Amino acid sequence: MADLIIHRGSHQIGGCCTEITSGGERILIDLGANLPDSDAPISDDVLISKVFDGRPTAGVLFTHPHGDHYGLYKKVPRNVPMYIGPMAKEILKVLAARLDYISKDKGLPTVERMRTYEPGCWFTPAAGIDVRPLYVDHSAPDAYMFYIKCAGKKLLFSGDFRDHGIVGERDRLWRTLENFVPRGIDLLITEGTMLSRSSEVGKSLAKSEQELGEKAKILFQKHKYNFVLVSSTNLDSIMEFYHHTPVGMHFVCDAYQAEMILTAMAGMERKGNYPQYQRSRNHPVIRVLKGGRQWSYLQGLGAALKKPVQIAPVSDDRLREDGFVMLVRKNTNSAQKNIFEEKRDQFYSQDGQIIYSMWDGYLKSEHADQALIGFIGGRPYEQLHTSGHAYVETIARLIKAVDPKVIVPMHTERAEEFSSIPEFAPWADRVNVLTDGKHLNLDKL
């Protein structure tokens, strides 16, 4: 007997966990934390108690390094193997090492235990369950779909994906599907994040990462001091900001962001020729604020690249004279200002602007992040962002490409409306909306 269960994520964005069982063996796909301030009916603690209830687990497979997909990794029992992409593991090591400074529950040893899979290569995390990871485009680096064979059925688990980022250029996603996934599969489990966020596609939202970079360059040229609020894991956008920093200005970040950038650049070197992840011709030097004890380590990472990148400090005088594009983060310690707030207070009033490159829901919805709002502090800001998720037409193209017998939506707030969306009309009768915890018998597909 083979089953699929979405433990959490059938009717919400983030906090995902899906179980596949076959012949008494089971795997979990993703083990994500709920989004901040989420009102999800299943808490993180309840989810953990449901999935680790004494039954054996052959493995936990993570699709990509975003907290709403891997965030509960420290709750995985030590005897349960975890799997993730090789570059994603390196990114998580950087993330975990930073978070370990402020957490008693250390995460780096757990990340070190993770096993890695390779794109396009079959592996068998459980007897009777074969998985082929397919490298796809997403705002997180090293994201994967899973093509799965079990109990004589063919499944495609989309994870979070899109086709308008750096990895999605030149139809890479569609060529991957054509080469590795046959038409007429039994089941497609697809994300549907943008079904409830279609209004974001407007004047303030770039349609693609390439367009984001082009618009950023225009914005940067209007002001001398540019503060860019962007997630440190949204590396496609960061690399676009880096390459579109005007000549003569400095591209500036802190040591943590520099390590993320250099780790991603090294990982993308191994994946192929992605010019956006290579050294900028106009900015061979990345300026780092307060490198401290990390200077020599960061300089070594930069020097090891095929096209080496220099890592160097920068004085306030140089910043004032030349101008800059500075990656900034919110302050998680309200007791004192962080370095970015200090630079904001020092330069913004002279000729500065804030560019907000994150989901607008963090400023305006029930998920509003007060620390982000506090950094902006009522100042005018320009919103420049592109979604990390597939647009409706992209999901429709995925369905057409693999022609599934059954479609299960997840990672969406509009699962019930999926079959009524005009773009999905040709496949409306194939949609099966699950609820969290409901079994789908794969044998009957």
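The values are calculated or read from the model by the stated rules, or taken from the named source; none is laboratory data. Everything numeric in this text was worked out from a predicted model, so none of it was measured. Glycine also receives a Cβ, built like all others from the backbone with ideal geometry; neighbour counts cover every protein chain displayed. The protein model used for the area step is the full one, side chains on, heavy atoms only, and it has no ligands, DNA or RNA in it. Shrake-Rupley method; radii C 1.70, N 1.55, O 1.52, S 1.80 Å.
Some observations on this one:
- Within the option set A368, A390, being of a type outside the set (S, T, N, Q), crowded, with 21+ Cβ neighbours inside 10 Å and closer than 22 Å to N234 by Cα holds for one residue only, A390.
- Hits in segment 417-445 (condition: free of Cβ contacts under 8 Å to residues at least 60 places away in the same chain, out of contact with any Ser or Thr (no Cβ under 7 Å at 6 or more places or on another chain) and farther than 30 Å from G24 by Cβ): S419, S420, P422, E423, F424, A425, P426, W427, D429
- Subset of segment 83-110 that is over 17 Å from the mean Cα position of the chain (by Cα) and at pLDDT 95 or above - its residue that is least open to solvent (accessible area, probe 1.4 Å): T110
- Leading residue by the ranking (farthest from N441 (Cα to Cα)) among those in segment 26-43 that are more than 18 Å from the chain's Cα centre (by Cα) and not charged (D, E, K, R): S38
- Of the strands (runs of 3 or more DSSP E) contained entirely in segment 375-445, those carrying at least 1 residues that are within 30 Å of I42 (Cβ to Cβ) fall at 406-410, 439-441.
- Residues of segment 338-352 satisfying the condition of being within 28 Å of the chain's Cα centre (by Cα) and assigned to a helix (DSSP H, G or I): I339, F340, E341, K343, R344
- Scan of segment 345-373 for residues that are of a type in the set (G, A, S) and at pLDDT 90 or above, ordered by number: S349, G352, S357
- Residues within segment 64-90 that are more than 18 Å from F146 (Cβ to Cβ) and touching a residue at least 60 places away in the same chain (Cβ under 8 Å), tallied: 1
- Filtered residue count, segment 1-18, keeping only those that are more than 21 Å from the chain's Cα centre (by Cα), outside any strand (DSSP E or B) and not aliphatic (A, V, I, L, M): 0
Table: residues versus (1) surrounded by fewer than 21 Cβ atoms within 10 Å (Cβ to Cβ); (2) farther than 26 Å from H389 by Cα; (3) of a type in the set (F, W, Y).
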{"site": "P81", "(1), (2), (3)": "yes, yes, no"}
{"site": "E112", "(1), (2), (3)": "yes, yes, no"}
{"site": "T124", "(1), (2), (3)": "yes, yes, no"}
{"site": "P133", "(1), (2), (3)": "no, no, no"}
{"site": "Y147", "(1), (2), (3)": "no, no, yes"}
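- Residues satisfying the stated conditions in segment 38-59, i.e. surrounded by 18 or more Cβ atoms within 10 Å (Cβ to Cβ) and either in contact with a Phe, Trp or Tyr (Cβ under 7 Å, 6 or more places away or on another chain) or on the phi > 0 side of the Ramachandran plot (or both): G59
- Lone unmet requirement of (1) surrounded by fewer than 21 Cβ atoms within 10 Å (Cβ to Cβ); (2) touching a Gly at 6+ places or on another chain (Cβ under 8 Å) for K75: (2)
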